[in-house]
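The values are calculated or read from the model by the stated rules, or taken from the named source; none is laboratory data. Keep in mind that this is a model prediction, so the values were computed, not measured. Cβ placement follows ideal geometry from the backbone for every residue including glycine, while neighbour counts extend to all protein chains displayed.
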Amino acid sequence: MNRRKFVQNSGLTALSALIGAEIVFGNAMPKGYIPLGLQDPDPFKMFDKDPEMLVLNDKPWNIESLAHLLDDRVTPNRAMFIRNNGKIPEKVDPAAWTLTFDGESVQSQKTYSLAELKSRFSKHTYQLTLECGGNGRSEFDPPAKGNQWSVGAVSSAEWTGVRLRDLLDDVGIKSNAVYIGYHAADTHLSGDPNKEPISRGFPIAKAMQDETLLAFQMNGKDIPLAHGHPLRLVAGGWPASVSGKWLTGISVRDQVHDGPKMVGDSYRVPCNPVAPGTKVADEDMCIIESMPVKSLITYPKTGATISHGKNISFRGHAWAGELEVDTMQYSIDFGSTWKECNLEAPANRLAWQHFSGEATFPRKGYYELWARAIDSLGNAQPMVLPGWNPKGYLNNACHRIAVKVV
Ligand SMILES: Nc1nc2c(c(=O)[nH]1)N[C@H]1C(S)=C(S)[C@@H](COP(=O)(O)O)O[C@H]1N2
Ligand SMILES: [Mo]
C-alpha cells in the first residue's frame, strides 16, 4: 500500500503514533485528511543533510550543497548533494540484493549476490570526485531546463568496494565489448515499472580503470540510502550520472549503451561550439566524457568581512576530470592579474585537490576573490560562462566570492 493511502486509512491513534504526539483536536479532522505533520517530511532530517542545503525539487528529490559546506577534505554525507531522476527505492534488502551481468558481449549471463561480491573479490578504497554534468546550469542564457544547480552539485567522498574490472574478468566478456550500461532499482516517476528513470554507462576502457568501483561503503560506512545503498557504481572524473545508484545490473554492450538519458540532449553537448540558442542536429551532439577543470573556494564564505590590514586566508578544492590540476591561481581584481597559490597532490587519482593561500587587499572596500585552476594539459577555467549548450552542462567558470574590507 502506498504511504498516502496508508495514512488516509489510519485511525486517530495510529496517526498520533506516526506524528509522535497526541493530535489533540483529532476528532475535528475531516475524514481522510492527512495532517501537515505527515505531508511534509523534513528532507534535511530524512537524509541527514545540513539544513543550509537547498531543495531544488522534491519529486524527485534534488538537493544542492553550498560552497562553504564543502570545506572538508573528504565530503561527509551531511554536505553531499542529492541528484535523483526517479523515486528512491522503498524496499532495500541487502541480504537479498543481487547484481546481474548481461548484454550482447558477456560470455554468458551471471548473477552475484551482494554477499558473494563482498567475500570473493578484493576490496579497494578511493576518494572519488563526482560532479553532476549540470552543475552550474543556473547561469546559462538562454536558460536551460532542469534543476538550476549553482555550484554545489559536486562531492568527493571515500568509496569502498570491489573493482568492476575484477567482476568483468570473472564474468568473461567478448572481444567485441565496447561499452557498459547500468541498471538500477529506482522507479520511474510515472510509476511504470517497465521504464527505467536513467540507465547510463561508459566505454570499456573506463570500466577497466583501477578506480572504477562497485561500491558498498561511503566514508567507511554503509552507503546512505539516497546515495545508492546497498550497491553503487562509482566512476570518478566523469559526469556523476554514470555512477549508477541502487545498482542491480550491468549490461556489457557491443555498441554505445542506449538506455534512458544516453541519447538526445541528455548528457550530450554540441561536438563543436555553437551560438547560444542554436538548434543542434542529433549527429552533431557528443556524449560528455571526462569533466572539465574546475575549482571551488570553500573558505571563507562569500560575503566575508575582514578588517583592513589583515590578510585573508582562503582555501578550497580543484579537480579536472581524468586529469590532474597543475596550477592554482587567484585574483582580487576581477581577473586582471593572477597570483599562484598552494596546491596539494590528490589523495589518489580522480580525487579533488586542496588549495590554500593568503590574499592582501590594498585598502578598504568591496572586492571579489576569484579562483582559477589549470589542468595538466594547460586548460584553464574560463573567467565567464563557457560554451552554451542546450541542456546547460559543463559550466566550469571561475568560482568567485565577495569580500568586504572594513
Ligand atoms: N539509479 C540512479 N543512479 C543515479 C541517478 C539516478 O537518478 N538513479 N542520478 C545520477 C546523477 S544525474 C547524478 S549527478 C548522481 C548523483 O549522485 P548523488 O545523489 O549520490 O550525489 O547520481 C547518478 N546516479
Ligand atoms: Mo547529474
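Could you please let me know if ALA157 is within 25 Å of GLY220 (Cα to Cα), of a type in the set (Gly, Ala, Ser) and within 11 Å of ligand 1 (Cβ to nearest atom)? Taking the combined requirement at face value, the residue satisfies it.
In the range 22-127, counting only helices (runs of 4 or more DSSP H) that sit wholly within it, the ones holding 3 or more residues that are in the same structural domain as VAL151 (by TED's automatic domain parsing) span 114-120.
When the strands (runs of 3 or more DSSP E) confined to the range 232-307 are screened for residues that are away from ligand 2 (no atom under 16 Å from the Cβ), those reaching at least 1 such residues are found at 247-253, 268-270, 285-287, 294-299, 304-306. So which residues in the range 182-205 are modelled with pLDDT of 95 or more, away from ligand 2 (no atom under 16 Å from the Cβ) and small (Gly, Ala, Ser), if there are any at all? If the condition is that a residue be modelled with pLDDT of 95 or more, away from ligand 2 (no atom under 16 Å from the Cβ) and small (Gly, Ala, Ser), then ALA185, ALA205 are the ones that fit.
Of the residues making up the range 276-297, not one is hydrophobic (A, V, I, L, M, F, W, C), surrounded by fewer than 16 Cβ atoms within 10 Å (Cβ to Cβ) and in contact (Cβ under 8 Å) with a residue 40 or more places away in the chain. Reported count of residues in the range 184-225, each being crowded, with 20+ Cβ neighbours inside 10 Å, closer than 22 Å to SER113 by Cβ and more than 10 Å from ligand 1 (Cβ to nearest atom), is 7.
When ASN147 is tested against the conditions (1) over 25 Å from THR298 (Cα atoms); (2) within 14 Å of ligand 2 (Cβ to nearest atom), the lone failure is (1).
For the range 128-144, which residues satisfy the criterion of being outside any strand (DSSP E or B) and either within 16 Å of ligand 2 (Cβ to nearest atom) or more than 19 Å from the chain's Cα centre (by Cα) (or both)? Hits for the range 128-144 are CYS132, GLY133, GLY134, ASN135, GLY136, ARG137, SER138, PHE140, ASP141, PRO142, PRO143, ALA144. When the range 280-315 is filtered for residues that are touching a Pro at 6+ places or on another chain (Cβ under 7 Å) and farther than 15 Å from LYS404 by Cβ, the ones remaining, listed by number, are VAL280, ASP284, MET285, ILE288, MET291. The requirement of being touching a Cys at 6+ places or on another chain (Cβ under 9 Å) and either without any contact (Cβ under 8 Å) to a residue 12 or more places away in the chain or not aliphatic (A, V, I, L, M) (or both) is fulfilled somewhere in the range 148-164, by at least one residue. Among the residues of the range 145-161 satisfying the criterion of being part of a strand (DSSP E or B) and surrounded by fewer than 22 Cβ atoms within 10 Å (Cβ to Cβ), which is farthest from the chain's Cα centre (by Cα)? This residue is THR160. Given the residues LEU350, LEU323, LEU369, LEU394, which is the only one that is modelled with pLDDT of 95 or more, over 24 Å from the mean Cα position of the chain (by Cα) and not assigned by TED's automatic domain parsing to the domain that holds ASP210? One residue alone meets the criteria, LEU369. Residues considered: GLY86, GLY37, GLY20, GLY26. Of these, the only one that is surrounded by 17 or more Cβ atoms within 10 Å (Cβ to Cβ) and either over 30 Å from LYS301 (Cα atoms) or of a type outside the set (D, E, K, R) (or both) is GLY86. Restricting GLY228, GLY244, GLY309, GLY277 to residues that are among the small types (Gly, Ala, Ser), over 21 Å from the mean Cα position of the chain (by Cα) and either within 11 Å of ligand 1 (Cβ to nearest atom) or assigned by TED's automatic domain parsing to the domain that holds TYR393 (or both) narrows the list to GLY309.
Taking GLU64 as the residue in question, decide whether it is within 16 Å of ligand 2 (Cβ to nearest atom) and acidic (Asp, Glu). Considered against the rule, which asks whether it is within 16 Å of ligand 2 (Cβ to nearest atom) and acidic (Asp, Glu), GLU64 comes out as yes.
Scanning the range 301-324 for residues that are surrounded by fewer than 20 Cβ atoms within 10 Å (Cβ to Cβ), over 21 Å from VAL234 (Cβ atoms) and of a type outside the set (Val, Ile, Thr) returns LYS301, GLY303, ALA304, SER307, HIS308, GLY309, LYS310, ASN311, SER313, ARG315.
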